[in-house]
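Structure first, then comments.
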Amino acid sequence: MDSSRPTVAELVAERWGDHRAGMWFEGRTVSQHRVAAGAAARAALLADLLPQGAPPHLGVLLDNVPEYPMWLGAAALARAAVAGINPTRRGPELARDILHTECRILVTEPAHLPLLDGLDLPGVRLLVTGTDTYTELLVPYTGARPDGSRAAPSDRLLLCFTSGSTGAPKAAIVTQGRLAAAGHALAEHFAVRRDDVHYICMPMFHGNAVIADWAPALAAGAATALRRRFSASGFLPDVRASGATYFTYVGRAVQYVLATPARPDDHDNPLRTGFGTEAGPVDAAAFERRFGVRLVEGYGSSEGGAAVRRTPGTPPGAVGRAAPGDDLAVVDPATGEECPAAVFDTDGRLLNGGDAIGELVNRGTCAFEGYWRNPEAEAARRRPGRAGTGGDWYWTGDLFYRDADGFLFFAGRTEDRLRVDSENLAAAAIEHILARYRGAAAVAVYAVPDPVAGDQVMAALAPPDGAAPFDPLAFAEFLLAQPDLGTKMAPRFVRIVDRMPVTATNKIHRVELRRAGFRCPGPVWWRPPGESAYRPLREQDTRALLAQYRAHGRAELLDGYG
């Protein structure tokens, strides 16, 4: 056992005897000691329930309730691993997640029991929190004391499912040593104090909440505040009631909070920092003006393959530079060569996106610990580097571009890359441009197959509340006025939605948008080939388009872009 590296089990055990506030939930607070005692009781129960000879894995199908962090602590003490089960998945997909990670125990709550109706889960024992049976099971173990000495840094602790935007979700392995190290690093980076309170409003089945919110609080001895499920209207009341000083966010959470009615006392809150991804510079600035809270954008996947940190001097829109020890490069996947530096105009607009945008690759050592029972997915992440460089590179699956000073800018996922008339485009780059349009409060850009070859650009626009109906002439004039909009970037199809579909982590549900394509509930506008004006996509237009797809043998692609 490597005694020089900390474990999560040790951090949990350190809270024993600490009678400061440890966890806030729905107006009630429990001490650090009681949280550690709860973890110890559940660890003792777990040791008796897990069958011998099987992977020590348990699934946790819970909202953000106090049971969740207690079971994380229990798993660490018992040298077991938690698979966070996403309650937005259904039927065979939900069963697949539980069975793929070989969970012998599934911890859930009465509200989620209907999700399990009719599922075949052989060998899985169900523990339902909040029931008399559950309470009776725990009673014999309530005197247990946490012992962090038996755990090793190499013990698996988390099986974090990826988003599943391309195929079935993959379960990334996170060991106790890596999670404890991440917690210490973030606590140091954000100067987390023992009297801080971390507000956990992102779902705990997702790596963001556990790695970037719970772990640094645990490492620093800070308290946590839980929100059962994210609520934009409940955000500020929770922050004030719990005294929260730090929170994490992903996807559109920041935009949802900004969409709530402004109040004169919005600045009256204890928050110091928000840490997350995808807020964007415009919304980050608006959040700071309204709430007096600085948002720090970062990049780091649950897989641990690469990390980008914001440092002093980071320009607007950039994420930051490579973390110490990482040799990050923006690489053309087709050639393995590093992409040229980004070129900007005087307004900071990217001018050479087609050349500068590539996949972010870590050419040095990385903390990636693999996927559970998925060698094909591991092979896609670890691939040989360019000839002559030696060793494997870690391919993140994310698109970036880099300026001349080495600052990195996020440009989307690799599956968000489009190929239009033999030119590679990044959806995020087009979104940044369309976000300037006053008639759109939210924008999503994605590929739909071209009838002949490659892709076409489709955009979904959600207008601001009270906005006038979509004006196709005004939109076309807006596009013509954008100096950084390449000739292949203008959307062929524009879908108007009242509200963007989102995933459980508040990210835009691009899979759903791509699957629907232009055969979606209206209204949809389009530019026929050779025309510059947008007009409604009518049923006869759709029939004519489908005939083109069939004529070129590409009709099946319309159902396969998810």
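Do the conditions hold for residue 353, that is, is it in contact with a helix residue (DSSP H, G or I) (Cβ under 6 Å, 6 or more places away or on another chain), closer than 17 Å to residue 169 by Cβ and either modelled with pLDDT under 85 or not hydroxyl-bearing (Ser, Thr, Tyr) (or both)? It is false that residue 353 is in contact with a helix residue (DSSP H, G or I) (Cβ under 6 Å, 6 or more places away or on another chain), closer than 17 Å to residue 169 by Cβ and either modelled with pLDDT under 85 or not hydroxyl-bearing (Ser, Thr, Tyr) (or both).
Select from segment 400-430 the residues that are in contact with a helix residue (DSSP H, G or I) (Cβ under 6 Å, 6 or more places away or on another chain) and at pLDDT 75 or above and write down the one among them that is surrounded by the fewest Cβ atoms within 10 Å (Cβ to Cβ). Looking at the filtered set, the residue picked out is 416.
Against the criterion of being of a type outside the set (Ser, Thr, Tyr), under 21 Å from residue 216 (Cβ atoms) and touching a residue at least 24 places away in the same chain (Cβ under 8 Å), residue 293 qualifies. Taking (1) over 20 Å from residue 416 (Cβ atoms); (2) in a loop (DSSP other than H, G, I, E, B) in turn, residue 540 satisfies each apart from (2).
Across segment 309-328, not a single residue is classified as in a loop (DSSP other than H, G, I, E, B), touching a His at 6+ places or on another chain (Cβ under 7 Å) and under 30 Å from residue 240 (Cβ atoms).
Residue-by-condition table, conditions (1) of a type in the set (Phe, Trp, Tyr); (2) more than 30 Å from residue 204 (Cβ to Cβ); (3) within 26 Å of the chain's Cα centre (by Cα); (4) surrounded by fewer than 20 Cβ atoms within 10 Å (Cβ to Cβ):
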site: 480; (1), (2), (3), (4): no, yes, no, yes
site: 484; (1), (2), (3), (4): no, yes, no, yes
site: 512; (1), (2), (3), (4): no, no, yes, yes
site: 522; (1), (2), (3), (4): no, yes, no, yes
site: 526; (1), (2), (3), (4): yes, yes, no, no
site: 537; (1), (2), (3), (4): no, yes, no, no
site: 540; (1), (2), (3), (4): no, yes, no, yes
site: 550; (1), (2), (3), (4): no, yes, no, yes
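On the stretch given as segment 238-284, residues that are at pLDDT below 95 and polar (S, T, N, Q) total 3. Would you call residue 329 under 21 Å from residue 381 (Cα atoms) and modelled with pLDDT under 85? Judged against the criteria, residue 329 is not a match. For segment 55-137, the strands (runs of 3 or more DSSP E) that sit wholly inside it and include 2 or more residues that are under 22 Å from residue 177 (Cα atoms), in contact with a His (Cβ under 9 Å, 6 or more places away or on another chain) and at pLDDT 95 or above are 81-84. The listed residues are 95, 74, and the only one of them that is surrounded by fewer than 21 Cβ atoms within 10 Å (Cβ to Cβ), in the same structural domain as residue 42 (by TED's automatic domain parsing) and more than 20 Å from the chain's Cα centre (by Cα) turns out to be 95.
The values are calculated or read from the model by the stated rules, or taken from the named source; none is laboratory data. Since the structure is predicted, the reported quantities are computational estimates derived from the model, not experimental observations. Note that we place each Cβ from the backbone using ideal geometry, even for glycine, and neighbour counts take in every protein chain shown.
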